[in-house]
Amino acid sequence: MEKVVYDLQKMEKKLKKYLDRNRFIHTQGVMYTCASLAMVHDIELDKAQVTGLLHDCAKCIPNDKKLSICKKNRIPVSELEAENPFLLHAKLGAYLAEKKYHVSDREILSAITCHTTGKPMMSTLEKIVFVSDYIEPHRNKAPNLSQIRKMAFIDLDECVYLILRDTLHYLNNNPKTIDTTTEDAFVYYKELHDEKQEENN
Ligand code: DGI
Ligand code: FE
Ligand code: FE
């Protein structure tokens, strides 16, 4: 396949118009964290950066508009997503990345789609974006961040496990809002974690 050349500066300039200041700063943090992780885990830097840059491109669309854009374009909305429309920013982000930012790379689009919930058996790019979103330098509220940040550069699967574990712990305050994909992802990465524990014993 011919190599696609991305104009990151142009994309960034356009994106800036659609995000509030804090979201834009977070996005830049995710983009550079994706680049750093791509260096360690052997992924093309520009692909990782484009994914990081666009992952939250639909985040600042009001919730009712998220729902109406999905409806208009026949993007399926689950019952849980209808009740928690913020979850839609991930798949809507992939949709806009394709339609408005002209990204056709399926690996990039699927990494944007699963950046909030994760999923079982993620590709390296999917894991990099999922992890970068959680550890980028401006994030400071989650527990265990220094351990999780370090793990991102050592073992991505273990890092995904730690993030899902802490996320589900937090979401358990409101268990009805948990997406089955988040749970499925946790079960999968916990299994990998448990296998490693056994090997070490
Ligand atoms: O968009 P960001 O804030 O940068 O990050 P994100 O897209 O990862 O969203 C983070 C939030 O998503 C965080 O508060 C945990 C939450 N989340 C992850 N999985 C689920 C979820 N929220 C609900 N309701 N259900 C889930 O399955
Ligand atoms: Fe997000
Ligand atoms: Fe984000």
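Computed with a 1.4 Å probe on the full set of protein chains, the accessible area for E107 sits at about 100 Å². The reciprocal of the average 1/r between distinct C-alpha atoms defines the Kirkwood hydrodynamic radius, which for the stretch 1-148 equals 15.5 Å.
Only helices reaching 27 angstrom along their own axis (Cα) with mean Kyte-Doolittle hydropathy no lower than -1.0 count here, and for the DSSP H runs of the chain these are 21-41. Taking every alpha-carbon pair under 8 Å whose residues sit at least 6 apart, the stretch 104-172 reaches a relative contact order of 26 percent. A cut-off under 13 angstrom between Cβ atoms defines the neighbours of E107, and their net charge, with Lys, Arg +1 and Asp, Glu -1, is -2.
Go through K17/K100; K13/K59; K66/K91; K65/K119; K14/K65 and tell me which ones have a Cα-Cα distance over 18 Å in this structure. Table pairs above 18 Å Cα-Cα are K65/K119; K14/K65.
Short-range pairs are left out: with C-alpha atoms under 8 Å and at least six residues apart, the relative contact order of the stretch 77-201 is 23 percent.
Per-residue surface analysis assigns R106 an accessible area of about 150 Å², computed on protein heavy atoms at 1.4 Å probe radius. Rolling a 1.4 Å probe over the protein heavy atoms leaves M122 with an accessible area of roughly 10 Å². Under the convention that each Lys and Arg Cβ holds +1 and each Asp and Glu Cβ holds -1, the size of the dipole of the stretch 1-84 around its Cα centre is about 520 debye. In the chain, the DSSP-assigned H stretches of four residues or longer account for a calculated mean residue ellipticity at 222 nm of -20500 deg cm²/dmol, using -39500 (n - 2.57) per stretch and the full residue count as denominator.
Measuring nothing but how far apart in sequence close Cα pairs (under 8 Å, 6+ apart) lie, relative to its length, the stretch 1-131 scores a relative contact order of 24 percent.
The charge dipole of the chain, taken about its Cα centre with unit charges on the Cβ of Lys, Arg, Asp and Glu (plus for the first two, minus for the last two), comes to roughly 1340 debye.
Can you classify the stretch 92-201 as rounded, prolate or oblate using the Cα gyration tensor, where a ≥ b ≥ c are the square roots of its eigenvalues, rounded means a/c under 1.5, and otherwise it's prolate if a/b beats b/c and oblate if not? Could you put the intermediate results ahead of the total?
Numbers: a/c = 1.61, a/b = 1.49, b/c = 1.08.
Taking the square roots of the gyration eigenvalues as a ≥ b ≥ c, the stretch 92-201 is prolate.
The values are calculated or read from the model by the stated rules, or taken from the named source; none is laboratory data. Note that this is a predicted model, so its numbers are computed, not measured. Cβ coordinates were reconstructed from backbone atoms using ideal geometry, including for glycine residues, and neighbour counts include every protein chain displayed. Heavy atoms of the whole protein, side chains included, go into the accessibility calculation; ligands, DNA and RNA do not. Shrake-Rupley method; radii C 1.70, N 1.55, O 1.52, S 1.80 Å.
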